[in-house]
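Taking it in order: structure first as structure tokens, then the write-up.
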Amino acid sequence: MCFLTHVTYNRRPILIEHFDLLWRALENAREQHQLRMSAWVVLPDHFHMLVEHNDQDISGLMRRIKMSFSLSYRHRIGQNMGRVWQYRFWDHIIRDQDDLNRYIDYIHYNPVKHSLTDNPFKWRYSSAVEYLNQGYYAPDWGVHGSVKIDGEFGE
């Protein structure tokens with residue numbers, strides 16, 4: 001399993017407004033490459049996800065996702081060229097269950113960390129509610145006080 005972070009060029013806040021295009025690019029990758037997203041969050045200028053990648057070329061896969069979004073986005077806004085994403089992305093191979101839990105928590109707490117919401121389960125661009133409904137989180141997790149999560153997450 002792999003944790004991935006992708007950031008827009010100059011941190012332009014375009015992803016929420018054009019979430020449908022990003023989701024379509026991710027869905028296409030899921031269908032074409034048997035990509036399984038275990039946890040995810042989309043914020044205005046970046047997104048995080050945990051994926052099972054079956055030893056695929058992660059760089060190539062991410063390039064295709066970013067290219068698919070970029071083409072659709074440019075078409076929507078009437079531009080033929082221009083950068084949409086930073087050139088690189090952040091990745092981390094999940095080592096064990098503790099590592100996995102830490103990255104899942106980081107993903108789901110990210111909208112609160114960035115002051116986009118005061119409740120991770122109210123942020124609709126995230127898999128947090130799925131985890132809440134499956135009993136992995138208490139309803140007040142991440143709501144009262146801050147959640148401290150150690151690690152490198154590529155922001």
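The values are calculated or read from the model by the stated rules, or taken from the named source; none is laboratory data. Every value quoted in this text rests on a predicted model; they were computed, and no experiment measured them. Cβ coordinates were reconstructed from backbone atoms using ideal geometry, including for glycine residues, and neighbour counts include every protein chain displayed.
Return the total of residues in the stretch 77-104 being under 24 Å from Pro13 (Cβ atoms) and of a type in the set (D, E, K, R).
3
Within the stretch 114-140, work out how many residues are surrounded by fewer than 18 Cβ atoms within 10 Å (Cβ to Cβ) and part of a helix (DSSP H, G or I).
Final tally of qualifying residues: 5.
Being crowded, with 16+ Cβ neighbours inside 10 Å and among the polar types (S, T, N, Q) is the requirement here; does Ser38 meet it?
yes
Which of the residues that make up the stretch 47-58 are of a type outside the set (A, V, I, L, M, F, W, C) and under 15 Å from Ala25 (Cα atoms)?
Answer for the stretch 47-58, where residues must be of a type outside the set (A, V, I, L, M, F, W, C) and under 15 Å from Ala25 (Cα atoms): just His48.
From (1) modelled with pLDDT under 95; (2) surrounded by 16 or more Cβ atoms within 10 Å (Cβ to Cβ); (3) of a type outside the set (Val, Ile, Thr), pick out the condition that doesn't hold for Asp150.
(2)
Has the stretch 94-102 got at least one residue that is part of a loop (DSSP other than H, G, I, E, B), β-branched (Val, Ile, Thr) and touching a residue at least 24 places away in the same chain (Cβ under 8 Å)?
Yes, because at least one residue in the stretch 94-102 is part of a loop (DSSP other than H, G, I, E, B), β-branched (Val, Ile, Thr) and touching a residue at least 24 places away in the same chain (Cβ under 8 Å).
What tally of residues in the stretch 89-110 results from selecting those that are surrounded by 12 or more Cβ atoms within 10 Å (Cβ to Cβ) and among the charged types (D, E, K, R)?
4
Each row is one residue, and each column tells you yes or no for (1) under 13 Å from the mean Cα position of the chain (by Cα); (2) modelled with pLDDT under 95; (3) assigned to a helix (DSSP H, G or I); (4) aliphatic (A, V, I, L, M).
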{"residue": "Glu17", "(1), (2), (3), (4)": "no, no, no, no"}
{"residue": "Arg24", "(1), (2), (3), (4)": "no, no, yes, no"}
{"residue": "Ser38", "(1), (2), (3), (4)": "yes, yes, no, no"}
{"residue": "Val41", "(1), (2), (3), (4)": "yes, no, no, yes"}
{"residue": "Phe47", "(1), (2), (3), (4)": "yes, no, no, no"}
{"residue": "Asp55", "(1), (2), (3), (4)": "no, yes, no, no"}
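From Met37, Met62, which residue is in contact with a Phe, Trp or Tyr (Cβ under 6 Å, 6 or more places away or on another chain) and in contact (Cβ under 8 Å) with a residue 12 or more places away in the chain?
Met62
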